[in-house]
Amino acid sequence: MHYPQPLAAGRFLRRYKRFFADIETPGGIITAHCANTGSMRNCLGEGWTAWYSDVGPDTKRKLRYSLEQVQTPDGARIGLNTGLANALVAEAIRAGLLPGIPRDCELRREVAYGEEGSRIDLVADGCYIEVKSVTLREDDGRGYFPDARSERGIKHLRELARLARDGIPARLVYAVQHTGIASVRPAEHIDPAYGQALRAAASAGVHIQALGAEIDARGIRLVRAIPVELA
């Protein structure tokens, strides 16, 4: 996934009201839109390098800038726009990174399914794929999901488990938008019920995998499989 133009760099100052972030640039302080409405735990630090996009002065948007990435003090890059995750996984399918799914398969998006009024992110060659963006890295160096309690995430795991028990291919893909994460675990210190639901889904036959990203000012792409630790 390439940005329309390379991102510009500044210094992150603060995030507030969920949707706003102040960034110090050579031309002064700008306010950028923050597309990630989650907790963004461990993803933001005052003084960190921040990369932002600029749609230009003629935009009808309230804010012409968007916060896209930050860099941690140890040099890891984090992609903050969780709205890109589905497109990144779709690209990963075309690159052959999801074993068992043909690169040239038909892709359908946001398909209604299940018993609880859900919509699946992708359906590829008959496989139902739920995508989750991972950006939380804790002090042990591992990546964790979710970064806040997630009833919605648990609901999706129940729906996937039902599909798998009925013999329908079901898959959960963690799109890891953090270059410092080498493995992923359920965040049971944040949401114990999610970890239980994840293991139940795996036992039901849901295929669970994580893909790590390359991130720079030009774009983001998922490039490699990384371990998922269920225990």
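The values are calculated or read from the model by the stated rules, or taken from the named source; none is laboratory data. No experiment lies behind these values; they were computed from the predicted model shown. So basically every Cβ, Gly included, is an ideal-geometry build from the backbone, and we count neighbours across all protein chains shown.
Side notes on the structure shown:
- Residue 181 being in contact (Cβ under 8 Å) with a residue 40 or more places away in the chain, closer than 14 Å to residue 207 by Cβ, in contact with a strand residue (DSSP E or B) (Cβ under 7 Å, 6 or more places away or on another chain) and part of a loop (DSSP other than H, G, I, E, B): no
- Qualifying positions in the range 72-108 - more than 16 Å from the chain's Cα centre (by Cα) and either of a type in the set (Ser, Thr, Tyr) or assigned to a strand (DSSP E or B) (or both): 72, 107, 108
- Test: residue in the range 75-97 that is hydroxyl-bearing (Ser, Thr, Tyr), farther than 26 Å from residue 120 by Cβ and out of contact with any Phe, Trp or Tyr (no Cβ under 6 Å at 6 or more places or on another chain): no
- Residues in the range 109-119 that are in contact with a helix residue (DSSP H, G or I) (Cβ under 8 Å, 6 or more places away or on another chain) and not in a loop (DSSP other than H, G, I, E, B): 109, 113, 118.
- Of the criteria (1) part of a loop (DSSP other than H, G, I, E, B); (2) over 15 Å from the mean Cα position of the chain (by Cα); (3) modelled with pLDDT of 95 or more, which one residue 141 fails: (3)
- Cβ-Cβ distances below 7 Å connect no pair with a first residue in the range 7-21 that is in contact (Cβ under 8 Å) with a residue 24 or more places away in the chain and at positive phi, a second residue that is of a type in the set (S, T, N, Q) and part of a loop (DSSP other than H, G, I, E, B), and a separation of six or more residues or different chains.
- Any hit, the range 37-49, residues being aromatic (Phe, Trp, Tyr), out of contact with any helix residue (DSSP H, G or I) (no Cβ under 8 Å at 6 or more places or on another chain) and surrounded by 20 or more Cβ atoms within 10 Å (Cβ to Cβ): no
- Out of 202, 161, 231, 197, sole residue that is outside any strand (DSSP E or B) and not assigned by TED's automatic domain parsing to the domain that holds residue 102: 231
- Test: residue in the range 54-75 that is aromatic (Phe, Trp, Tyr), in contact with a Leu (Cβ under 6 Å, 6 or more places away or on another chain), closer than 18 Å to residue 217 by Cβ and not assigned by TED's automatic domain parsing to the domain that holds residue 207: no
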